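**Q** Pasting in a structure now, in structure tokens, and then I'll have a few things to ask.
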Amino acid sequence: MATTKSKLIGGNFLFSETDIKDVFIPEEFTEEQKMIWQTVHDFCMKELHGLGIERVALMDAEKDRDLVIELFKKAGELGLFGVSIPEEYGGMGLDFNTGLLFTEALALGLSFATTVGAQVSIGSLPIVFYGTHEQKEKYLPKIATGEYACSYALTEPSSGSDANSAKSQAVLNEAGTHYILNGQKMWITNGGFADIFIIFAKIDNDERLSAFIVEKSFGGIEIGKEEKKMGIKSSSTVQLFFNNVPIPKENLLGERGKGFNMALNILNNGRIKICAGGVGGIKFGVTKSVEYANQRIQFNQPIAQFGAMKYKIGQMAMMAFVNESAAYRVGAEVDKKYKELLANGASENDAKINSMREYAIECAILKVQGSEAVCWAADEAIQIHGGMGYSMETGVEMAYRDARITKIYEGTNEINRMLALAEFYKRAFQTKELKINDAMKSIPMGIAQNFNPFNNGFMADEDEIVSNLKSVFMIITGAAGRKLKTKLVDEQEIVMNLADIMAVAFMAESALLRIKKLNADKESDKEQLKTKIKMTQLYVYEALEIARKAADNAIDSYAKGVEKFTMKRVVNSLLKNYDINPKDTRRAIADVVIAANQYPF
Ligand SMILES: Cc1cc2nc3c(=O)[nH]c(=O)nc-3n(C[C@H](O)[C@H](O)[C@H](O)COP(=O)(O)OP(=O)(O)OC[C@H]3O[C@@H](n4cnc5c(N)ncnc54)[C@H](O)[C@@H]3O)c2cc1C
């Protein structure tokens with residue numbers, strides 16, 4: 001395994017074993033952090049769910065945004081928008097992982113979560129990360145209280161995934177005092193009522209974007225009609241039209257031409273938050289579903305007692321658990337990296353920027369996994385509710401429609417899968433931050449140790465499977481890269497397969513590390529641990545299934561003859577059968593959830 005000076009290297013999970021001492025698990029959240037969760041949770045219960053389905057349904061009323069504005073003001077008064085803003089600028093200055101916990105709790109706010117997300121994340125973090133002291137002093141205190149609503153404007157009608165091809169242009173006026181902005185943006189969250197826009201545009205004919213802090217009061221911004229959307233209807237989404245918007249020169253954010261990097265880095269932040277929000281959404285879905293399933297009688301018994309329903313409940317709970325394990329593991333790494341960079345002399349801004357950038361691979365993985373899990377869970381929540389799930393009366397169909405956007409924004413899931421792999425290749429072969437060659441050397445050893453019958457420590461089989469998943473990723477990625485070279489970029493189907501293998505290795509490892517740490521901790525709740533072990537085992541079982549399919553697809557797509565035969569033999573030997581009973585495992589998980597009548601972990 002590679003030895004490195006710092007343990008905090010994004011993507012390094014593929015080549016190194018993480019010591020349980022170094023991993024953060026959600027059970028370690030402090031009372032103070034839990035209070036943040038509770039405050040946001042209580043806010044959503046008091047202002048929405050506690051007031052009944054009519055109030056919740058208002059979140060779906062696209063014509064009437066009064067409720068959102070009302071909630072926005074109340075959230076601002078409570079100080080909720082200061083979550084990531086440093087204390088010296090009027091915020092709470094919380095660490096990154098607490099910010100994730102905040103996002104998880106906010107999922108209960110339904111589409112209001114998107115409104116708040118745009119305020120505390122993509123709309124204000126560009127200033128927190130890249131702003132000058134003067135810019136921070138001017139804008140952040142008002143953003144923290146909600147006096148200023150903000151938004152992030154990157155996408156244009158002709159540039160979505162290909163964001164750097166944006167056409168909006170800013171030209172310095174003759175007096176040299178203002179940039180004059182012209183152009184158009186599309187799909188801008190909070191755009192309908194924002195006071196501040198972070199706008200990405202090209203200065204003159206630059207190849208790369210720059211970023212600007214633009215106040216609505218500067219004039220020249222025309223706000224388009226609210227988009228009619230499938231979900232998150234209470235969230236404002238509009239087009240913006242710029243007609244000679246005068247932006248004071250000092251409102252250039254960061255350096256000229258560095259806006260695209262900034263945009264991507266801010267999206268790293270948004271991506272991991274999508275996973276944390278997904279965790280909140282799935283937990284909520286589990287609770288709603290199990291409450292319904294426990295009281296709905298068919299064939300003289302609660303539907304919760306049917307195996308087909310237990311399958312869904314057990315699976316949903318497992319997905320919340322695994323995504324939670326992975327999201328907060330990465331969140332804590334970001335915090336540690338930030339401190340490490342500060343200790344090494346980095347400025348506050350650079351430490352924030354680079355700690356986030358470090359984990360671009362993990363953020364992309366989490367975005368895809370969290371969004372796909374929450375969409376699946378929302379769909380199954382409807383199924384558990386039967387016809388009532390399809391009715392607007394329960395609010396579940398709204399959650400299903402709301403969840404769907406998470407696969408699209410903050411970079412589509414296709415783009416994020418490609419990004420995870422591209423970043424891996426960059427780090428392994430260009431910057432050489434990841435010691436791929438050393439890792440490749442250790443793979444034959446990994447194969448030789450496959451399912452060592454003498455390795456009978458706690459979760460030894462699962463440990464080996466995780467190690468083998470990583471080996472499979474390395475073997476196929478290495479072989480496909482050697483064979484296809486730069487053409488691999490065009491073989492996106494294979495790239496997707498590789499990204500999926502990488503992802504399940506990371507997710508499985510995260511859950512496994514969590515229960516290993518809990519097992520080693522004398523104080524941990526051992527009764528709960530039994531179910532947490534089952535959830536990890538179930539995920540490992542599924543990870544193998546996903547990896548087998550993806551590996552077969554990849555190999556069948558690029559290899560032929562002897563190479564194909566050899567690759568398949570190696571991969572099959574690594575991804576051997578894992579002997580658990582998935583039905584009993586899911587049922588055991590579901591039984592605990594059903595008895596608690598909520599998500600209890
Ligand atoms: C409700 C909502 C809110 C939003 N909020 C904001 C916001 O606040 N600020 C903002 O700037 N943007 C926002 N967006 C925009 C969002 O980020 C984009 O919609 C998203 O990045 C995808 O861009 P697109 O819609 O142009 O799709 P396209 O880029 O046209 O993609 C269409 C399809 O093609 C695929 N595709 C594209 N390029 C490739 C490729 N190279 N290889 C393979 N497949 C590819 C995509 O994965 C997708 O499946 C929002 C969008 C919505 C719907």
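**Q** Which of (1) β-branched (Val, Ile, Thr); (2) assigned to a helix (DSSP H, G or I); (3) within 12 Å of the ligand (Cβ to nearest atom) does Ile199 not meet, given it meets every other one?
**A** (2)
**Q** Taking region 159-196 only, how many residues are acidic (Asp, Glu) and more than 12 Å from the ligand (Cβ to nearest atom)?
**A** 2
**Q** Still on this model: Find all pairs meeting these conditions: Cβ atoms under 8 angstrom apart; at least six residues apart or on different chains; first residue within region 403-415 and closer than 18 Å to Glu491 by Cα; second residue of a type in the set (A, V, I, L, M) and more than 6 Å from the ligand (Cβ to nearest atom).
**A** What qualifies is Asn413/Val368; Glu414/Met496.
**Q** Show the residue pairs meeting these rules: Cβ distance below 7 Å; 6+ apart or different chains; first residue within region 454-471 and farther than 15 Å from Val571 by Cβ; second residue at pLDDT 95 or above and among the hydroxyl-bearing types (Ser, Thr, Tyr).
**A** Cβ pairs passing all conditions: Glu462/Thr536.
**Q** Hey, does region 103-115 have a residue that's touching a strand residue (DSSP E or B) at 6+ places or on another chain (Cβ under 9 Å) and more than 24 Å from Trp37 (Cβ to Cβ)?
**A** No, the conditions are met nowhere in region 103-115.
**Q** Read through the list (1) under 22 Å from Phe13 (Cα atoms); (2) more than 17 Å from the chain's Cα centre (by Cα), then give the number of the only condition that Glu324 fails.
**A** Only one criterion is unmet by Glu324, namely (2).
**Q** Moving on to the next point. Hey, among the residues in region 408-430 that are surrounded by 22 or more Cβ atoms within 10 Å (Cβ to Cβ) and small (Gly, Ala, Ser), which one's farthest from the ligand (Cβ to nearest atom)?
**A** Across region 408-430, the extreme among qualifying residues is Ala428.
**Q** Right, something else. Hey, Gln492 hits all of (1) under 23 Å from Gln369 (Cβ atoms); (2) touching an Asp or Glu at 6+ places or on another chain (Cβ under 7 Å) but one; which does it fall short on?
**A** That leaves (2) as the condition not met.
**Q** Select from region 228-246 the residues that are in contact with a helix residue (DSSP H, G or I) (Cβ under 6 Å, 6 or more places away or on another chain) and in a strand (DSSP E or B) and list them in ascending order.
**A** Correct list: Val245, Pro246.
**Q** Take the conditions touching a residue at least 12 places away in the same chain (Cβ under 8 Å), in a strand (DSSP E or B), out of contact with any helix residue (DSSP H, G or I) (no Cβ under 8 Å at 6 or more places or on another chain) and under 21 Å from Gln135 (Cα atoms) and apply them to Leu181. Does it pass?
**A** Yes: the conditions hold for Leu181.
The values are calculated or read from the model by the stated rules, or taken from the named source; none is laboratory data. On a predicted model such as this, the values are computed, not experimentally measured, just so you know. Note that we place each Cβ from the backbone using ideal geometry, even for glycine, and neighbour counts take in every protein chain shown.
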